[in-house]
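Quick notes on the structure that follows.
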Amino acid sequence: MGANRWGRFSDWDERPLRLDKFAVEDAENGFAAFSSPHDPKPGIRIADGRVVELDGVGEADFDMIDTFVARYHLDTTLAEQAMAIPSETIARMLVDMNVPRTELVQLAHGLTPAKLAEVVAQLNAMEIAFAYSKMRARRTPGNQGHVTNAKDDPLQLAADAAIAVALGFDEIETTMRVSRNAWANAMACAVGASVGRAGTLFQCASEEAEELKIGMAGFTSYAETVSVYGTEKAFVDGDDTPWSKAFLATAYASRGIKMRCTSGAGSELLMGFHEKKSMLYLEARCLCLQRAMGVQGTQNGGIDGAPVTATVPGGVREMMAENLVAVWLDLECASGNDARSTESEIRVGAKILPYLIGGSDLICSGFGSILKYDNSFNPSLLNGEELEDYLVLQRDFEADGGLTPIGEEKALDLRQRAVEAIAAVFEELDLSHPTREMMTSVVMASGSDDTDSYLPGEVARISDRIQEKGITVVDVIRALHARGFDEEARNLLWLVRLRVSGDYLQTSAMVRDGHILSAVNDPNDYGGPGTGYRLSAARREEIAHIRDVLDRETVLGQEEEFARHESLGIAFTRMGEAKVGTDPREVVVGVSPAFGVKLFRTMSGIPIAELLGAIVGGIESAGGVARIVRLKHTADTSFLGLSAARLSGSKVGIGIQTKGTAVIHHADRLPHNNLELFSNAPITTLEHYRGLGRNAALYAQGEMPEPVIVPNHGEAMGSRFHARVALIYAIETALTADGAAPEEISLEAARVPA
Amino acid sequence: MSRKLTTADYPLAEQRPELIRGPRGKPLDDVSLEAVLAGDVTLEDLRITPDALRLQAEVARDANRATLGANFERASELVDVPQDFIMKVYELLRPGRAKDKQPLLEAARTLRGTYGAERMAAFVEEAADVYERRGLFTHRF
């Protein structure tokens, strides 16, 4: 303290946001999102059906990426025509709902990386989000989840995989803390994901050769670890070339395994080979390359580079823009939103929103379905901790984020089943014999800190044995069946069988309700309102069904329960129509219609007997005389107060609703210009009500006491209470009757108020 | 089967199941849990076939995805190439593994001669040319 500084800056220093570091825009050093003076001007020259100049680079100087893009991406029959269209015109086509997606996709076959970047750079964030929603390949949105834990514990992997499946993730992805554990991770997740329903695609991110082997053993169904880069040097530094990666992509297809590449802004910057180019331009090169390779899709939108991309001005918009380039190139897009790019929950919510409302093939390319510390990929933008926030966002915006709320009982059943299934497989294949205690600890645990289960070293031995014994998914299917897990055996076989037809190798393929849904049979046909993906009534119902939703019966039931108990302790005596008083020390307390009739406690839980006791006690403590009147013509606080004041001999009255909202009023004042008001009933205490009574008595005597202030700490009172308040207040208003006369009452409390 | 498949034939497993056979000729309906338990279905029956990839290539081309179709066509040539050889070629294609064009050209010859993988062979030869031009045949520590 005492520093020469506005204190607000100290407050701001304490916010999680200030843990985020921001970088100055500096194209020379690679910190530029959308444009750099070193970005080439878009251009193409074609001779003899061959691209001889690409974005200002002549054929002789093509690097490997240029060569690959020139040969395999660009359609030389339409490139010159497409490139001749002004970027502004194409940008407008992207956001024009009357220009079909198919037309724009065709156009992209003739556009160079620099041109694609130049076009999307013309769009503001909202236009990018809209264009993305229009241009994404598959109509129905989906989502992908990470399933990992800090111990590589297979029991927990199985349980968490089953939960991820129940939550509706279309793909789940695992990886390891210890690379040797890959086989155990793969087996555990494959078994866990077979609990509940069939069809969740699964991948185990590991070393490339190992990953392909695990896939060939049938445990996994897709891969997305095939990274590409936007500069030749970054590519070579990453120990690959466009040809080696394309070869790998083909190898995956030849094994019937779905595959997408990975790229994203910031990777070249992090690797130190950015060539002073903008992030968007480099990513446009990556994406043209991916289409050229013939992969069905991409995981892009920053990905591991998301945090560094988010440090520069426009970085988050750039990630949206590069996702747009991906879908414009007709690639399936697992749109990032994975590596946590900020400590600010507001930045998290803002980052996800365009994807949630616009939809994406896979909104996150990994949502952390587990707790942050259990995420072996590093924390995701959204994690197990925030999962319910995401479910509520879906409900708020009536947007399909791909997930479905699950109930507590179902969750526990699924975890139990998954843990028993993997334990049975381990026993049946003589891999390990987990104890009952290990299993129970995992079923109940939110994260690996709470489990008493396998440690990474023990898992490594299991993993080695799986590999040594040459165990395949067929052995696991047999083991499941042998131990009574028939449904899981069938589900797992169903998934592996997909690779025979290869249907899920097509663009944006996922499984819904036992059927392949891809850009081929579920193409995004957005053409304006009423077209494209819309929530069905059934899906809307699923999304709305979050837990702990108030309904009228429950809330009123709770009040009635309390009323039954409380009404035994107090008795009102009705003393006939209330008259205007004459005692100058009098303070009339006007209570609402349901007060002590249907409702018996305030929003802060104070029983009405204690409430009245405190108010009357306060009035009397200051030398006032209290008279209680039930008002029946209104339930509104202001008019309760004003009516009470008009009946009062001192012209000062108190109005109070059962829920605890209270006012001091004077007969000569305008209805909404009261003397004191307690508007935040849920945080108002007996002490405050006693003070209210005391002050009313002092006003009656012509004094101007210090008003009673109910301090708040910025609670969002409305979000916490208004649903209940509205249901309860409806009881008050239902009991009002126009023109009904006030009635004088007395209260006998069997119990002495606190 | 002269007519090329279109997007209307997709998903093949649902729309054209008669076209889909496992590597040992098993129709999809025969790939059941009961058959797995009886030992009639093994991992071998759960692989994709060159035919299936060629059909998927036709679907992809009909959906205006020529590059995806070309990848499926290349992949159809690799189905029967043993995993070890695939990984060997992949390794050779990584930067600096080959010290000159020869190992790549040799791999291409094997792909073409032994496995009839004409497209893949040409692809590897193309890589050899580009690597030479871009100076990738240098030793990396």
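The values are calculated or read from the model by the stated rules, or taken from the named source; none is laboratory data. Values in this document were obtained by computation on a predicted structure and should not be read as measured data. A quick note on method: Cβ atoms are made from the backbone with ideal geometry, for glycine too, and the neighbour counts reach across all protein chains shown. Side chains included, ligands, DNA and RNA excluded: accessible areas come from the protein's heavy atoms. Shrake-Rupley method; radii C 1.70, N 1.55, O 1.52, S 1.80 Å.
General observations
- Within the option set A:Val392, A:Val327, A:Val348, being crowded, with 24+ Cβ neighbours inside 10 Å and of a type in the set (Val, Ile, Thr) holds for one residue only, A:Val327.
- In the condition set (1) outside the structural domain of B:Arg134 (by TED's automatic domain parsing); (2) open to solvent by less than 10 Å² (accessible area, probe 1.4 Å); (3) in a loop (DSSP other than H, G, I, E, B), B:Pro23 is compliant with all but (2).
- All of A:Asp55, A:Asp11, A:Asp63, A:Asp20 fail the test of being on the phi > 0 side of the Ramachandran plot and at pLDDT 95 or above, apart from A:Asp55.
- Qualifying residues in the range A:709-733 (those that are hydrophobic (A, V, I, L, M, F, W, C) and more than 18 Å from A:Arg601 (Cβ to Cβ)) - the one surrounded by the fewest Cβ atoms within 10 Å (Cβ to Cβ): A:Ala716
- Within the option set A:Arg101, A:Arg92, being touching a residue at least 60 places away in the same chain (Cβ under 8 Å) and not aromatic (Phe, Trp, Tyr) holds for one residue only, A:Arg101.
- Close pairs (7 angstrom Cβ cut-off, 6 or more residues apart or separate chains): over 20 Å from A:Val588 (Cβ atoms) and polar (S, T, N, Q) in the range A:731-754, at pLDDT 90 or above and surrounded by 13 or more Cβ atoms within 10 Å (Cβ to Cβ) anywhere: A:Thr733/A:Ala635
- Summed over the range A:208-233, residues that are more than 7 Å from chain B (Cβ to nearest Cβ), over 27 Å from the mean Cα position of the chain (by Cα) and open to solvent by 30 Å² or more (accessible area, probe 1.4 Å) total 4.
- Single condition A:Met135 does not satisfy, out of (1) in contact with a Phe, Trp or Tyr (Cβ under 8 Å, 6 or more places away or on another chain); (2) assigned by TED's automatic domain parsing to the domain that holds A:Pro434; (3) touching a residue at least 40 places away in the same chain (Cβ under 8 Å); (4) crowded, with 23+ Cβ neighbours inside 10 Å: (2)
- Search result, residues across the range B:30-69 that are of a type in the set (Gly, Ala, Ser) and either within 9 Å of chain A (Cβ to nearest Cβ) or more than 19 Å from A:Val295 (Cβ to Cβ) (or both): B:Ser32, B:Ala35, B:Ala38, B:Gly39, B:Ala52, B:Ala60, B:Ala63, B:Ala66, B:Gly69
- Being under 20 Å from A:Ile516 (Cα atoms) and either hydroxyl-bearing (Ser, Thr, Tyr) or in a helix (DSSP H, G or I) (or both) is a condition met by at least one residue of the range B:70-85.
- Extreme residue, nearest to the chain's Cα centre (by Cα), among residues of the range B:107-124 that are outside any helix (DSSP H, G or I) and away from chain A (no Cβ under 12 Å): B:Gly116
- Check on B:Leu104, more than 9 Å from chain A (Cβ to nearest Cβ) and over 20 Å from A:Leu212 (Cα atoms): yes
Yes/no matrix, rows are residues, columns are (1) assigned to a loop (DSSP other than H, G, I, E, B); (2) touching a residue at least 24 places away in the same chain (Cβ under 8 Å); (3) in the same structural domain as A:Leu167 (by TED's automatic domain parsing); (4) more than 22 Å from B:Val124 (Cα to Cα):
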position	(1), (2), (3), (4)
A:Gln203	no, yes, yes, yes
A:Ala223	no, yes, no, yes
A:Lys245	no, yes, no, no
A:Ala249	no, yes, no, no
A:Tyr252	no, yes, no, no
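- Residue within the range A:200-207 that is modelled with pLDDT under 95, in contact with a helix residue (DSSP H, G or I) (Cβ under 6 Å, 6 or more places away or on another chain) and surrounded by fewer than 21 Cβ atoms within 10 Å (Cβ to Cβ) present: no
- Candidates B:Pro27, B:Pro17, filtered to the one that is more than 9 Å from chain A (Cβ to nearest Cβ) and more than 20 Å from the chain's Cα centre (by Cα): B:Pro27
- Residue among A:Glu59, A:Glu118, A:Glu53 that alone is acidic (Asp, Glu) and closer than 30 Å to A:Gly528 by Cα: A:Glu118
Listed here are the residues, each with its yes/no results for (1) within 14 Å of another protein chain (Cβ to nearest Cβ); (2) under 30 Å from B:Pro82 (Cβ atoms).
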residue	(1), (2)
A:Ala131	no, no
A:Ala164	no, no
A:Ala193	no, yes
A:Gly199	yes, no
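- Residue in the range A:41-51 that is assigned to a loop (DSSP other than H, G, I, E, B), of a type outside the set (Gly, Ala, Ser) and under 21 Å from A:Trp328 (Cα atoms) present: yes
- Any hit, the range A:483-504, residues being in a helix (DSSP H, G or I) and touching a strand residue (DSSP E or B) at 6+ places or on another chain (Cβ under 6 Å): yes
- Within the span defined as the range B:125-141, one or more residues are more than 10 Å from chain A (Cβ to nearest Cβ), at pLDDT 95 or above and surrounded by fewer than 21 Cβ atoms within 10 Å (Cβ to Cβ).
- Whether a residue is touching a Ser or Thr at 6+ places or on another chain (Cβ under 9 Å) and either open to solvent by 40 Å² or more (accessible area, probe 1.4 Å) or within 14 Å of another protein chain (Cβ to nearest Cβ) (or both) was assessed, and A:Arg512 passes this test.
- Restricting the range A:1-55 to residues that are in contact (Cβ under 8 Å) with a residue 24 or more places away in the chain, under 30 Å from A:Glu345 (Cα atoms) and basic (Lys, Arg), the residue that is most open to solvent (accessible area, probe 1.4 Å): A:Lys21
- All positions within the range A:636-683 that are surrounded by fewer than 24 Cβ atoms within 10 Å (Cβ to Cβ) and touching a residue at least 60 places away in the same chain (Cβ under 8 Å): A:Arg646, A:Leu647, A:Gly649, A:Ala681, A:Pro682, A:Ile683
- Candidate set: the range A:470-492, residues that are at the interface with another protein chain (Cβ under 7 Å from one of its Cβ atoms) and open to solvent by 10 Å² or more (accessible area, probe 1.4 Å); chosen: the one nearest to B:Val36 (Cα to Cα): A:Arg478
- Of all residues in the range A:424-451 being in a loop (DSSP other than H, G, I, E, B) and over 20 Å from A:Ser376 (Cβ atoms), the one that is most open to solvent (accessible area, probe 1.4 Å): A:His433
- Any chance B:Gly39 is touching a residue at least 40 places away in the same chain (Cβ under 8 Å), on the phi > 0 side of the Ramachandran plot and more than 21 Å from the chain's Cα centre (by Cα): no
- In the range A:234-243, residue farthest from the other protein chains (Cβ to nearest Cβ) [restricted to those that are over 15 Å from A:Arg291 (Cα atoms) and in a helix (DSSP H, G or I)]: A:Ala234
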